Every structure is written in C-alpha cells, then in structure tokens.
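Note sheet for the following structure.
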Amino acid sequence: MNNTLESMRGYGGYPQLEAMRGYGGYPGLEAMRRDRRECGTAWRVKRRSASTTSAQPPSNARTPVPHHTLAMLHELGTADRIVVTGGAGFIGAHLAERLLTETRAGLILIDNFSRGESTATHYLRAAPRVKLIAADVRDTRALDSAMQGAQLVYHLAAQPLAHPTRTDPMCTFGTNVVGTYSVLNSAHRAAVQRVVFTSSHEVYGEPLQLPVEEDAPLLPMGLCGAMKVAGEALCRGMARQTGMAVAVLRLTHVYGPRTHEDVIPTWIRQATTGEPLEVYGGQQVVDFVGIEQAIEALVRAGASTQPLPPINVGSGTGTSLIDLARRIVRLSGGRSRIGIRPARGADVMRFVAGVGRMRELLNLEPPLDPLAALACLLPTAARLPG
C-alpha cells in the first residue's frame, strides 16, 4: 500500500501542454469556458504540497506536475477513444469539455436526453472529435458499438427517482442498476482498460459520526442510495471476476455553472428576483463541492494506473443550509426572506465527507471555502429556467 501511495503522491493539476491539445478549437468551446474565466480563481483546485503542515494549503494555484504523473497524463492524453455515459448531463458535459481540451481522444457521449439538450450539449455536438449517441445504457448493442476501441469509460448515467419525466421506480432501477451492469459488461467485452463509476454520498445514509470515511457502513436511507450501493457491488464483482480496473468515486453535493435542478441554483434564482427562500428542517449540514474539483477527481482517477479503493470526493467541510441561504441572500443584495418548513423524512440531516483518500490517492486538496464560487453563479441566475 505504501508503494501505491508513494507512486500517486505529487499528482497535481494538468499541464497545459500543446502536445495534449489538438481539439481543433471552435467557438463553442470558448463559450463553455466563459463562466470559469469570469470567476477568476474561484473554481481552481489545489494539489497537495509536501511542505504544507496545516490541514488546508494556503493557495489555490496549480503547480508543476511531477514526472511520474506526467507519464500517467501522457497515457490518458494519447487514448484513442474515451466513452462517457450520461455525457449530456451536468457533470458529464463538464467532463467532456475537460477531456476535449486535454486529450487527443475521440469522445463518445451516450445519453438518453431525458432532460433535453443543454447549451453545452450543442457546443459539444459541434466539436469534430465528439460523437453524441442517443441511447439508453441498457441498450447493449449501442454500448458494444460505442466501446469498440475505447481505453477508458466514465459511467455517469443515472436516473433520479423523482425525475419529472420518469415516475416509474422500475425504470429508475433499470437505468441505475441494470444499466450499470450493461456498461460494465460491454466494457469487459471491448477490453476496456479502466471504468470510473460515479457513486454518491447517499450510499452512507445518516452517518454515525462525522466526517464519514470510506470504510463506514453503507446504510442508504433512500432507493437512489440503495441503487448506488448495488452499482458499487457490481463494480467490485466485475473487477474481481474479469480483472478489469474499476474505480469508484463517491461524490458529495456537486454544484457549479450549467445546473438548474438543485438547491443552489434554485435559491440563487429566487434570491435574485426577491422571492423567499424555503429551508426544509433548517438543521441539515451538507458537504458541497465545486464542479471543477469533481471533474479533477474524475480525470485523475481515469489517468491512474494503480488499483483504487472507493474514494470520497468532497470538500470535507459541512455547510448548514441556513448558512447557505443567508450567504446567497447576502450576495444577491439581501431582499429575500428565509422561511423554515418542516423537514422531509428521507433527507440525511448531517453529512461531511472524510477526504483522506482523496488527498492521498488522487493528491487532490479540498478548497478552503467550498462555497467560494457562489458569487460566480449570480451573473448566470437570470438564464436559469423557472
């Protein structure tokens, strides 16, 4: 284990090498980057410094990447084909943008487009090295075709139980569990080298203690968390049975530009128009993580040449929803009031991720302030749908 940790230590931010580019730049990609440029350094992630003695490093700036990590990046950068399921979604589109700029691979994005096409999807469709496939992850024929020649698969596709267009729990189960098996099986048949599966903090349920480390009991409170547990079990079984490398990342509450189906964009939209913000319960503590840190973790897990255990990807900091609401109101000018409503029974009340493995195995440091990028989202609030 020590050798594995040592081989991964020093893994920093991606070098902006011309050799790793070659996406044949196009206006859409520049438009997709606009939000990050406007935010300055707020979205930047940090690498761990050997000289840092405090729990959090003082700087967000990226630093040069060690030589052994450059070799890993070179391997990812020269991949011929990378497949992303759920590639039209919030995280999937951000990941595709990152892979498009920092690898030479052809990107195959699979999505059922149940939520429609976003502006980001239109930009990606225009990229010469991107192919979007409208298919369900249970469609083995489409998966087998997409994965031929692929070296890496990111399995992000998932169906929320309460999605407005999908009210059938069996459909959700089919996508989240049967679909995960189909992706793993197709990847194995295509001799894919590595699969990265995005799991969720929901697998833990209401934790017994904070922060929650990866070896904590998996006791999900809801069906979506239970389906993620099942997906993780399928990943372990496939890895043991076939020898295919499978990495599992348990993401906490991801936020960032181009999402509108969550508490942060909802409250930003309401606050900028003076509407009241409603907090259910008021006692919840949530671990928020910015989209760029989530993408950084995904890319590093995909570039790794070492076996990886399940890894929490979060900030390691708890934020109460009351504090979040107050901060959004303050940033928007302070016109909205905050109302407290009865708690909803299935909600986890307190969650903070232990990020030791993220630091050691991905060499990725959490931000000092996980909500530093909130202000960057305010200019886009008027464009969020109601």
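The values are calculated or read from the model by the stated rules, or taken from the named source; none is laboratory data. All of these numbers come straight from a predicted model, not from anything done at the bench. Backbone-built Cβ (ideal geometry, glycine too); neighbour counts: all protein chains shown.
Among the residues of the range 115-153, those that are among the polar types (S, T, N, Q) and either surrounded by 17 or more Cβ atoms within 10 Å (Cβ to Cβ) or touching a Leu at 6+ places or on another chain (Cβ under 9 Å) (or both) comprise Ser118, Thr121, Gln151. So for the range 326-338 (the condition being within 22 Å of Pro220 (Cβ to Cβ) and either out of contact with any Gly (no Cβ under 8 Å at 6 or more places or on another chain) or of a type in the set (Phe, Trp, Tyr) (or both)), does at least one residue qualify? No - not one qualifying residue is present in the range 326-338. Listed by first and then second residue, the pairs with beta-carbon distance under 8 Å, at least 6 apart or on different chains, first residue in the range 170-191 and outside any helix (DSSP H, G or I), second charged (D, E, K, R), are Ala190/Asp144. Filter the range 278-291 for residues that are modelled with pLDDT under 95 and on the phi < 0 side of the Ramachandran plot and give the result. The answer is Glu278, Val279, Tyr280, Gln283, Gln284. Out of the residues in the range 143-166 that are out of contact with any strand residue (DSSP E or B) (no Cβ under 7 Å at 6 or more places or on another chain) and of a type in the set (A, V, I, L, M), state the one that is modelled with the lowest pLDDT. If we take residues in the range 143-166 being out of contact with any strand residue (DSSP E or B) (no Cβ under 7 Å at 6 or more places or on another chain) and of a type in the set (A, V, I, L, M), then Ala162 is modelled with the lowest pLDDT.
In the range 278-358, which strands (runs of 3 or more DSSP E) lie fully inside it and hold 3 or more residues that are surrounded by fewer than 22 Cβ atoms within 10 Å (Cβ to Cβ) and not small (Gly, Ala, Ser)? It would help to see each step written out before you state the result.
Numbers: elements: 288-290, 311-313, 338-341.
In the range 278-358, the matching strands (runs of 3 or more DSSP E) lie at 338-341.
Against the condition over 20 Å from the mean Cα position of the chain (by Cα) and at negative phi, how does Leu210 come out, does it pass? Taking the combined requirement at face value, the residue satisfies it.
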